[in-house]
Amino acid sequence: MPTAAPRIAWLGAVAYRANQLLAEQGTLAIGGGGAGGRQTPRAAARELLRRELASGQRPVAEVKALALEEGFSEGTFARASAEAAQAHPGACGGPWLLRLRAPASFCSVPSLRHS
């Protein structure tokens, strides 16, 4: 016998965001990758980094606080940051800043260089 599709009943406001509730199950339904339009929390965190850093670098603490507020764990934020961004010290002892990693170019891939 086929299983019925899940249903959502809105019963009122809650103190959680949808991604926080879905993170409990290990996947986030935010469209894009994976089976059924689901992506992993790390992929969703990389998207958050790309969105928040698209207009330029920002203080690491500010972006991390936003990621934690969105329901990502510190570990997920750290792994996504290592893949999608670079941290560097701010000028004159200012806060550490986070910027997007430059995409790999044709010339930066050793196996694709012309001799």
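Just a few scattered comments:
- Any chance CYS107 is at pLDDT 90 or above, out of contact with any Cys (no Cβ under 9 Å at 6 or more places or on another chain) and either of a type in the set (Asp, Glu) or assigned to a helix (DSSP H, G or I) (or both): no
- Considered as a group, the residues in the range 89-104 that are within 26 Å of ALA43 (Cβ to Cβ) and surrounded by 11 or more Cβ atoms within 10 Å (Cβ to Cβ) include one that is modelled with the lowest pLDDT, and that residue is ARG101.
- From the list GLU62, GLU83, the one residue that fits, being part of a helix (DSSP H, G or I) and at pLDDT below 95, is GLU83.
- Checked against the criterion of being surrounded by 10 or more Cβ atoms within 10 Å (Cβ to Cβ), at pLDDT 90 or above and either part of a loop (DSSP other than H, G, I, E, B) or among the aromatic types (Phe, Trp, Tyr) (or both), the candidates GLY75, GLY71 yield just one match: GLY71.
- Selection of the range 8-57 for residues being hydrophobic (A, V, I, L, M, F, W, C) and at pLDDT below 65 yields LEU21, LEU22, ALA23, LEU28, ALA29, ILE30, ALA35.
The values are calculated or read from the model by the stated rules, or taken from the named source; none is laboratory data. Source: prediction; values computed, not measured. We place every Cβ from the backbone using ideal geometry, glycine too, and count neighbours over all the protein chains shown.
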